[in-house]
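Peer 1: One structure follows; several queries about it will come next.
The values are calculated or read from the model by the stated rules, or taken from the named source; none is laboratory data. Everything numeric here is computed off the predicted structure, so don't read it as measured data. Counting neighbours? That spans all protein chains shown, and the Cβs are built from the backbone with ideal geometry, glycine included. All accessible areas refer to the heavy atoms of the entire protein, side chains included, with ligands and DNA or RNA removed. Shrake-Rupley method; radii C 1.70, N 1.55, O 1.52, S 1.80 Å.
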Amino acid sequence: MKKVMMLVGLALAGVAGAQSWDVEDGKLTFVGCYGKQDGVYCDFSYVLTKKQTASFYWSPERFKVFKQDGTSQKADAMAFVDGKFGGIWGYSSTQEVIANVPLKVTAYFNTPSNISSFRALMFNDVKFDNIPVRPYGSAPAAAPKPTPVAAPIRPFKYSGYSITLTNCQKQVANVACTAVLTPSK
């Protein structure tokens, strides 16, 4: 039943445009793929959500693409936070991270950079179809603009607090903010 619910959740997330995976201690969200001189890179955003801090690394065998000819290819190397791609085994560096901060994860695929798309992108056993690849030398999509700071609100009639939202940033399917609770007088 848990697996069925996860698949339903992923299907609904795909409909909403958010391509993300629940991973051991957080959420991994697909950002986009782009070509460079030496191959194709796919960026992801990772947010630790189930612990306050954790140390871990990313392994390339968990990431796979399916090319237009139908064949699969595992990632050749991974980078996590520091942008340094793994050596002989391709693992990213190990990083200690804190909860609720989006962090960059990049998978490198040694494949021609002039392709326009992958048939699919897979993380573990979850697959998303029709992944565009931004051509080498083209400009990235415009970065999302921060959401304006909201005025203090009182979401609960008798809560005794007012809430001020700051540092709001649009993410794939929602907006993340820092909330400050102030006791009402």
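Peer 1: Hey, could you check region 82-108 for residues that are in contact with a helix residue (DSSP H, G or I) (Cβ under 9 Å, 6 or more places away or on another chain) and over 18 Å from SER20 (Cβ atoms) and say which is most open to solvent (accessible area, probe 1.4 Å)?
Peer 2: So the residue we want is TRP89.
Peer 1: Next question, about the same structure. Go through ILE115, ILE131, ILE163 for me and flag whichever is touching a Leu at 6+ places or on another chain (Cβ under 7 Å), open to solvent by less than 80 Å² (accessible area, probe 1.4 Å), modelled with pLDDT of 70 or more and of a type in the set (Val, Ile, Thr).
Peer 2: ILE131
Peer 1: Something else now. Please determine, by comparing only the residues of region 51-63 that are without any contact (Cβ under 8 Å) to a residue 60 or more places away in the chain and open to solvent by less than 50 Å² (accessible area, probe 1.4 Å), which one is nearest to ALA120 (Cα to Cα).
Peer 2: Here the answer is PRO60.
Peer 1: Before we move on, is ALA176 modelled with pLDDT under 70, more than 20 Å from ASP76 (Cβ to Cβ) and of a type in the set (Gly, Ala, Ser)?
Peer 2: Against the criterion (modelled with pLDDT under 70, more than 20 Å from ASP76 (Cβ to Cβ) and of a type in the set (Gly, Ala, Ser)), ALA176 does not qualify.
Peer 1: Among the residues of region 26-56, which ones are over 25 Å from ARG134 (Cβ atoms) and modelled with pLDDT of 90 or more?
Peer 2: GLY26, LEU48, THR49, LYS50, LYS51, GLN52, THR53, ALA54, SER55, listed by residue number.
Peer 1: May I ask you to verify whether ALA79 is modelled with pLDDT under 95 and either surrounded by 17 or more Cβ atoms within 10 Å (Cβ to Cβ) or among the basic types (Lys, Arg) (or both)?
Peer 2: Here the answer is yes, as ALA79 does meet what is asked.
Peer 1: Turning to a different aspect of this structure: Which condition number does PHE66 fail, the rest of (1) modelled with pLDDT of 90 or more; (2) open to solvent by less than 30 Å² (accessible area, probe 1.4 Å) being met?
Peer 2: Against the list (1) modelled with pLDDT of 90 or more; (2) open to solvent by less than 30 Å² (accessible area, probe 1.4 Å), PHE66 comes up short only on (2).
Peer 1: If I filter region 86-104 down to residues being farther than 14 Å from GLY26 by Cα and among the hydrophobic types (A, V, I, L, M, F, W, C), which single residue comes out as farthest from the chain's Cα centre (by Cα)?
Peer 2: If we take residues in region 86-104 being farther than 14 Å from GLY26 by Cα and among the hydrophobic types (A, V, I, L, M, F, W, C), then ILE88 is farthest from the chain's Cα centre (by Cα).
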